[in-house]
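The values are calculated or read from the model by the stated rules, or taken from the named source; none is laboratory data. Keep in mind that this is a model prediction, so the values were computed, not measured. Heads up, the Cβs are rebuilt from the backbone with ideal geometry, glycines too, and the neighbour counts pull from every protein chain shown. Just the protein is used for accessible areas: all its heavy atoms, side chains included, with ligands, DNA and RNA removed. Shrake-Rupley method; radii C 1.70, N 1.55, O 1.52, S 1.80 Å.
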Amino acid sequence: WKVNLQQRSLQDCYGSDPPKESCRVLRGRWFLISNGTLTPYDEQTDEAIESAYQKLLQRAEMESSEAKPAESYEMSEEVKRAVAEGRPRTILMKLKFKANKWKFTCADQAQTGNSLFSYGKSLLESSYGVQRGFGEIERQLGEVEEEMMSKEIGHVIVLVHGIGEKMWSEEGCGLAWSSGVFRQLVHAKQLRGHGFVKAGDGWEFPGETPPEVKKDEVLEASWWETVHTDEMDARLARISLPSMKQVRQIANFTVVDALYYMHPGHKEKILKAVAKSVESALARFYEHHPDYKGSVVLAGHSLGGVIL
């Protein structure tokens, strides 16, 4: 992956073919709390909230020192104490834009309660749960193992999926997820093979000088879009009976892949699609690692193994 700060985007360099969609990158301090998730505000709104927040802090400090504030902000005694004490980072804020200015009020989230009255009041007042700072970020799958390894590539493994990839990917357990698990297992096996041992959530080497472990890279090659075009999925939907919808969906998204491969004309298309995807994934890899001279391993699951 590569971050382009000018374009504010996160781009897939060579991890899969076809490349994963680029993601938007934002610089931010403030996040909206919704259904247990944190959503960043756009940078302009973020600056406006931060400006109002800093004025609240200044106001609280001036109130505590009995100095006269330069601007007037209505704040309850509870809010002034909460802000002055620097607790907590999570507060409830009411934001209204009027006459080109932000009208800003806040309340300690811990003191809002969870009663029906408080809930109704928060809806009427258009209050929003926001948080300053994202907090500690948990390590993603495989990051601990990858940090212990060298940046130099040992082997390249290209994974080719089997039947049902359209359905599995939509449910979040397709090639992208399974390749992450596979990558972690490969790296863990490499570390154990070089004498590293598991220590809590991390790894350690019991000797004096840990050896350098070249990282095996895992790429993804996908072909399911060759079969499941919008036209084909629409035709399957028209002829599928309404009863037992989930069972028929499995048939449409898995069994059809195998039936297509058994048809001579479609089999040729699938073979060409797999070859093209593997070659494209490797071509993008070599663009970023032009000096790589190691081996390339092809691995296929289910029908992907038959194709290879």
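Brief remarks on what is shown
- Shape class of segment 200-248 from the Cα gyration tensor (axes a ≥ b ≥ c, square roots of the eigenvalues): oblate, since a/c reaches 1.5 or more and a/b does not exceed b/c.
- Violating pairs (Cα-Cα greater than 25 angstrom) within the set LYS189/LYS293; LYS2/LYS198; LYS151/LYS269: LYS2/LYS198; LYS151/LYS269
- On the principal axes of its alpha carbon atoms, segment 238-296 extends 56, 26, 19 Å, with the longest extent given first.
- Part-to-part distance (alpha-carbon centres) for segment 16-35 and segment 190-261, which is given in Å: 22 Å
- Per residue, segment 172-295 exposes 62 Å² of accessible surface when a 1.4 Å probe is rolled over the protein heavy atoms with every protein chain present.
- Only the Cβ atoms of Lys and Arg (+1) and of Asp and Glu (-1) were treated as charged; on that basis the dipole of segment 189-262 about its Cα centre amounts to roughly 420 debye.
- Peptides 296-307, 198-209 ordered by average Cβ neighbours within 10 Å, highest first: 296-307, 198-209
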